[in-house]
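Asker: Structure in structure tokens, see below.
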Amino acid sequence: MDQVAPASPPRKPSLLAMIRDDIACVVARDPAASGTLEIVLTYPGVHAIVWHRIAHRLWQRRLRFPARFLAWFARLLTNVDIHPAATIGRRFFIDHGAGVVIGETAEIGDDVTLYHGVTLGGTSWSPGKRHPTLEDGVLVGCGAKILGPITVGKGARVGANSVVVDPVPPAMTVIGIPGRLVRAASDRRRVGGRIDLDHHLMPDPVGEAISELLDRIDFLEMRLAHREGREPTCEEDIHEPA
């Protein structure tokens, strides 16, 4: 009986191929990008990921001090702090590239986009996994903080200035402090098959709930006035306590 040879593991892309993908993906995600030369020379988010790719390879070869020194140098130039041990997939983009912090045990999948001021932080002094995992296609709005060893599922969106401390299911949108799930992928706007960058179009569940409560109070006050046999007035019956 013929034995089936075990499948070989997928070949790891070269450093140059990953950097090339990081540069090419910018055009699809930033309408302001006008050419490869401009991206290479003027985009700090691209500079940060290029330096990280090199530092990460050094870290994997146990050249820890050169890796940390290169990461420090990259932070000095770009204002983006990425620990050289952090694992980052292909086609990664930091838009505006300022104030981003990515911790040591963070794991980031393919086609992930971060805006400025994002933190992928830890919540424990214990060794081991301390930072978040972002699966493929995640988009994180400006100023958002994702804390602890949680997973943000594939295709999820994190709204600007949110603080996420619980896992996020795939394809959901989370907003607020602490983060709340508010929207599924089916409710998002599609733009010609390109990556959805509408991280600013966020519902307001608290505002909607308050509005519904106010409408309900007005309805109950109208019913009370009707039972008492008097016509409600705007000033008396809408604002008078029960």
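The values are calculated or read from the model by the stated rules, or taken from the named source; none is laboratory data. Please read these numbers as outputs of a predicted model, since none were measured by experiment. Note: ideal-geometry Cβ built from the backbone for every residue, glycine included; neighbour counts use all protein chains shown. Side chains are part of the model used for accessible areas, which takes the heavy atoms of the whole protein and leaves out ligands, DNA and RNA. Shrake-Rupley method; radii C 1.70, N 1.55, O 1.52, S 1.80 Å.
Asker: Can you find, among 127, 74, 163, the residue farthest towards the positive end of the dipole of the range 15-201? Put +1 on the C-beta of Lys and Arg, -1 on that of Asp and Glu.
Answerer: The residue sitting most towards the positive pole is 127.
Asker: At 1.4 Å probe size, with the rest of the protein present, what percent of the exposed accessible area of the range 15-201 is carbon and sulfur atoms?
Answerer: That share works out to 61 percent.
Asker: In addition: Counting only DSSP beta bridges with both residues in the range 15-201, tell me the antiparallel percent, nearest 5.
Answerer: Antiparallel bridges make up about 15 percent of those DSSP assigns within the range 15-201.
Asker: For the range 216-225, in order, what is each residue's ³J(HN,Hα) by Karplus, 6.51 cos²θ - 1.76 cosθ + 1.60 with θ = phi - 60°, in whole Hz (x at glycine and Pro)?
Answerer: 5, 4, 4, 5, 5, 5, 5, 5, 5, 5
Asker: Could you tell me which of rounded, prolate or oblate describes the range 15-201, using a ≥ b ≥ c as the square roots of the eigenvalues of the alpha-carbon gyration tensor, with rounded for a/c under 1.5 and, failing that, prolate when a/b is larger than b/c and oblate otherwise?
Answerer: Oblate, because a/c is 1.5 or more while a/b does not exceed b/c.
Asker: Averaged per residue, what accessible area in Å² does the range 15-201 show with a 1.4 Å probe, protein chains only?
Answerer: I get 48 Å² per residue for the range 15-201.
Asker: Starting from the amide H of residue 168, placed 1.01 Å from N in the peptide plane, find each other amide H under 5 Å away whose residue is 5 or more places distant or on another chain.
Answerer: HN-HN under 5 Å from residue 168: 151, 152, 153.
Asker: Next up: Near the amide H of residue 123, under 5 Å away, which other amide H atoms are found, from residues 5 or more places off or on another chain, if H is placed in the peptide plane?
Answerer: Residues meeting the amide H criterion: 148.
Asker: Moving to a separate point now. What residue among 59, 115, 32 has its Cα farthest toward the positive end of the dipole of the range 15-201, where the charges are +1 on Lys, Arg and -1 on Asp, Glu, each on the Cβ?
Answerer: Towards the positive end, the residue furthest out is 59.
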